[in-house]
Amino acid sequence: MNKLLLTAMAAMISTGAMAQSTVVTTTGTGPAAAVQIEPEYRTKIRTYVPEHNIRPIQSREKIVVGSPVPRDVELEAVPAEWGPSLTKYRYVYSGERVMLVDPSTRTVVQEVD
């Protein structure tokens, strides 16, 4: 009986430890990890800008990954041809770079290179 109780307690403790480690490892939500772009869609994004004569935005602030886009900068809708996983984002074209933006926070989540 003691052996069974000891085994059950050990199982409960290890389950709790595993649950904690799962929480710790899944809480990271860095911008680069959040957006996965398939290679064929990267090519479409890079060719979209010159094909559609998109002009870069003018901003006093440098637009970089992890920073919010200024309120006076208009966010453009991501075209469907960039892939279904990206349509929830918006984009800006700044300094010859396409930057994906989370529209709810206006934070740049990915630079498309």
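None of the figures in this text is laboratory data; all of them are computed from the coordinates on show. Here the structure is a predicted model, which is why all the values come from computation and not from measurement. Ideal geometry is used to build each Cβ from the backbone, glycine not excepted, and the neighbour counts take in all protein chains shown.
Conditions (1) under 19 Å from residue 44 (Cα atoms); (2) surrounded by 12 or more Cβ atoms within 10 Å (Cβ to Cβ); (3) out of contact with any Phe, Trp or Tyr (no Cβ under 9 Å at 6 or more places or on another chain); (4) in contact (Cβ under 8 Å) with a residue 40 or more places away in the chain, marked per residue:
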residue: 57; (1), (2), (3), (4): no, yes, no, no
residue: 63; (1), (2), (3), (4): no, yes, yes, yes
residue: 66; (1), (2), (3), (4): no, no, yes, yes
residue: 73; (1), (2), (3), (4): no, yes, yes, no
residue: 76; (1), (2), (3), (4): yes, yes, no, no
residue: 80; (1), (2), (3), (4): yes, no, yes, no
residue: 98; (1), (2), (3), (4): yes, yes, no, yes
residue: 105; (1), (2), (3), (4): no, no, yes, no
residue: 109; (1), (2), (3), (4): yes, yes, no, yes
- Message: Please count how many residues of the range 54-113 are over 14 Å from the mean Cα position of the chain (by Cα), among the charged types (D, E, K, R) and not in a loop (DSSP other than H, G, I, E, B).
- Response: 3
- Message: Can you find, within the range 36-53, the residue that is farthest from the chain's Cα centre (by Cα) among those that are exposed (fewer than 14 other Cβ atoms within 10 Å of the Cβ) and of a type in the set (Val, Ile, Thr)?
- Response: 47
